Amino acid sequence: VAMRGKYMQEAVPAGQGAALISGLISAKAVVLFGNRHGGFWTDFSSTVQEGPPPVDGAQHTGHYNASYTARDGVAWTGTVAPLRLAPWQVWTGVPVSTALAPAHAFLREIMLAAAMLVLIGGLGAFVLGRQVTAPLREVTIAAEGIAAGDYSRRVKTSRKDEIGILAASFNSM
């Protein structure tokens, strides 16, 4: 055990263990160790004055989530977990803005995709609508001309669909 401890000390200098663990979670994550009553917190390199939320580990037997706003106005969220064999607890937390950053980026991408979909859908509906309404407009103009007494009106169309059939039927009348 002593040799293992010696190698651990050589591999990870004192005070950098918590920083290494924090770096694995997120660049802005904080891992602090403190007493069960939350009066003392450390990152193993120094005592932390502006630490995790005021917690009372004596009220909790297991880990629990905690959120708070620090004195500098930064909102934090994290988890407090008591250590079983010691009167200590561990706080692991990140700023809420850091925790929500991937969700905000995803939301921006989805909103951009939705806007493009609405734009393309609207353009498609406009083009399709024009293809349907233009021949109907010609039939309407011809019908109004015949109603006014101009029996020489004809509808010009080369379509083979229902609108083309309607135009051909109109011309035969």
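The values are calculated or read from the model by the stated rules, or taken from the named source; none is laboratory data. From a predicted model like this one, the values you see are computed outputs, not experimental measurements. Every residue, glycine among them, receives a Cβ derived from its backbone with ideal geometry; neighbour counts consider all protein chains shown. Calculation scope for accessible area: heavy atoms of the full protein, side chains included, ligands and nucleic acids excluded. Shrake-Rupley method; radii C 1.70, N 1.55, O 1.52, S 1.80 Å.
With unit charges on the beta carbons (Lys and Arg positive, Asp and Glu negative) and the dipole taken about the Cα centre of region 83-167, which residue among Leu85, Ala143, Leu107 sits farthest to the positive side?
Leu85
Kirkwood hydrodynamic radius, region 96-161, all distinct C-alpha pairs: what's the number in Å?
Kirkwood hydrodynamic radius for region 96-161: 16.1 Å.
Filter the GluC sites (Glu not before Pro) in region 112-164 down to the DSSP loop ones having no more than 10 other Cβ atoms within 10 Å, then list what survives.
Sparse-neighbourhood loop GluC sites (Glu not before Pro): none present.
If you rank Leu112, Leu136 by how much accessible surface each has, with a 1.4 Å probe, what is the order from largest down?
Leu112, Leu136
Protein chains only, probe 1.4 Å: how do Lys28, Lys156 rank by accessible area, largest first?
Lys156, Lys28
Express in Å², to the nearest 10, the accessible area of Thr69 obtained by rolling a 1.4 Å probe over the protein heavy atoms while all chains stay in place.
My reading of the accessible area for Thr69 is about 90 Å².
Sort Tyr68, Tyr151 from largest to smallest accessible area, using a 1.4 Å probe on the heavy atoms of the protein chains.
Per-residue accessible area, sorted high to low, gives Tyr151, Tyr68.
Leaving ligands, DNA and RNA out of it, work out the accessible area of Val127 with a 1.4 Å probe and give it in Å² to the nearest 10.
Its heavy atoms expose roughly 70 Å² to the probe.
Just read off the accessible area of Arg159 with the full protein assembly in place, 1.4 Å probe, to the nearest 10 Å².
Answer for Arg159: close to 70 Å² accessible.
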